[in-house]
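First the structure, in the form of structure tokens, and then the observations on it.
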Amino acid sequence: MRWTCPFCDHKVFIDKANYYESVSTLLIENKHGRRQLTTAWIVCPNDTCKEYSLFTILHAQVWSPQATKWLQGELLQTWPLVPQSSAKVFPEYVPLGVREDYNEACAIRNLSPKASATLARRCLQGMIRNFYGVSKRTLFDEIEAIKDKVDPMTWASIDATRKIGNIGAHMEKDINVIVDVDSKEAQVLINLIEILIKDWYINRHDREEMLKSVVSIAEEKTEMKKAKPTE
Ligand SMILES: [Zn+2]
């Protein structure tokens, strides 16, 4: 099966070599009927990643007279254990506060979209303040203030996001005002945060690493010239 690793974000192919599951069945008489819990491990086959993901899946079991055995029934619930939510795992050079708000926004998206969107908004605000040093009364004003600073593609995704549903209204309100948004709108904000973390922090870091390697190669060359024996 095709699968996107939550750690490295690579689309990878998962087969028996990197997938393992075990099943535990609830056989004790209870008011709900038979239940089966599958624990599944996936190890990312990407050589530079090799992280494992772990989750559990709860199914009902139904008796099949045709097969004369118990079969897996309705899917009841899944719990991601590692990583703990659908949140992507961002590197440590992304500011801790940004990562924490982002992770929490992901974790409670379905449970409380309003709280999730509020955290997402705080996360966006934190990123803009941290990365551009801009601080205004509302997130809406802050976004306007960086319009000429961000690249046009990034701006297009910011602009498109705030036109969806109540998100624009959400951005214009004070950070403490809770605006009603649904879980899809909350997810759109989370997606925007993911795009911006990549566009800002990860791209800047990659560029710095590339420049460092260019500089170190240049230094090596100079050292080699110096070390050249003269006859
Ligand atoms: Zn991976």
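The values are calculated or read from the model by the stated rules, or taken from the named source; none is laboratory data. Model, not experiment: these values are computed from the prediction. Positions of Cβ are generated from backbone atoms using ideal geometry, with glycine treated the same way; all protein chains shown enter the neighbour counts. The area values use the complete protein model at the heavy-atom level, side chains included, leaving out ligands, DNA and RNA. Shrake-Rupley method; radii C 1.70, N 1.55, O 1.52, S 1.80 Å.
Overview of results
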item: Unpaired by the 4.7 Å Cβ criterion, cysteines found in the chain; result: CYS106, CYS123
item: Cα coordinate range in segment 1-82, projected on the principal axes (Å, largest first); result: 47, 25, 16
item: Rounded to the nearest 10 Å², the accessible area of GLU208 at probe 1.4 Å; result: 90
item: TRP70 accessible area, 1.4 Å probe, all protein chains in place, Å² to nearest 10; result: 100
item: GNM flexibility winner over the chain from ALA169, ALA218, ALA105 (Cα, springs under 10 Å); result: ALA218
item: Estimated inter-spin distance, HIS32 and TYR93, nm [label 7 Å along Cα→Cβ]; result: 4.5
item: Value of relative contact order over the chain, rounded to a whole percent, pairs C-alpha under 8 Å and six or more apart; result: 12
item: Gaussian network model of the chain, springs between alpha carbon atoms under 10 Å - residue of ALA67, ALA87, ALA40 with greatest fluctuation; result: ALA67
item: Span per principal axis, largest first, for the Cα atoms of segment 1-160 (Å); result: 68, 40, 26
item: Accessible surface of VAL23 - all protein chains present, 1.4 Å probe, nearest 10 Å²; result: 80
item: Cβ-based charge dipole, the chain, positive-most Cα from THR48, LEU75, LEU96; result: LEU75
item: q = 0.15, 0.18 Å⁻¹: log10 I(q)/I(0) that the Debye formula gives for segment 85-231, counting C-alpha atoms only; result: -0.74, -1.01
item: Lysine pairs meeting the criterion (Cα under 29 Å, 8 or more apart or interchain), as found in segment 1-150; result: 15
item: Candidates SER53, SER64, SER86, ranked by Gaussian network fluctuation over the chain, Cα under 10 Å, top entry; result: SER64
item: Efficiency of FRET between GLU209 and ALA40 - r from beta-carbon atoms, R0 35 angstrom, step 0.05; result: 0.50
